[in-house]
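The values are calculated or read from the model by the stated rules, or taken from the named source; none is laboratory data. Remember, predicted model here, so these are calculated numbers, not experimental data. Every residue, glycine among them, receives a Cβ derived from its backbone with ideal geometry; neighbour counts consider all protein chains shown.
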Amino acid sequence: MRWRATADIILFLSILFAPWYYPVFFAVLFIILFPSFWEAVAAGIIMDAIYYAPAGGETAFYHHFGLFTFLALFLTLISLKIKKQLRI
């Protein structure tokens, strides 16, 4: 439980203080390491709220709200299915 709380703190601090690719890396890493890491979906919602730029034009990182949320949800569900098949 202590490791999971530490992972949560690392993930949410990286959302606030690091470029977007650090929290994405940490979310993917923690999805792999921990069983049913739903905190990644919450982190995706927060990242979408922070990085969404509706008037960003063609140079914006992405144009659709929900990219990080759907990515985290997809990876979490795929991870759950694979871990269930492997019985991890």
Inset, instruction - State all residues of segment 75-88 that are more than 13 Å from Glu39 (Cα to Cα) and either in a helix (DSSP H, G or I) or modelled with pLDDT of 95 or more (or both); if no residue qualifies, say none. - result: Ile78, Ser79, Leu80, Lys81, Ile82, Lys83, Lys84, Gln85, Leu86
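Regarding Pro19, is this residue loosely packed, with under 12 Cβ neighbours inside 10 Å, in a loop (DSSP other than H, G, I, E, B) and modelled with pLDDT under 90? Please lay out each step first, then the result.
Values: loosely packed, with under 12 Cβ neighbours inside 10 Å: yes; in a loop (DSSP other than H, G, I, E, B): yes; modelled with pLDDT under 90: no.
Considered against the rule, which asks whether it is loosely packed, with under 12 Cβ neighbours inside 10 Å, in a loop (DSSP other than H, G, I, E, B) and modelled with pLDDT under 90, Pro19 comes out as no.
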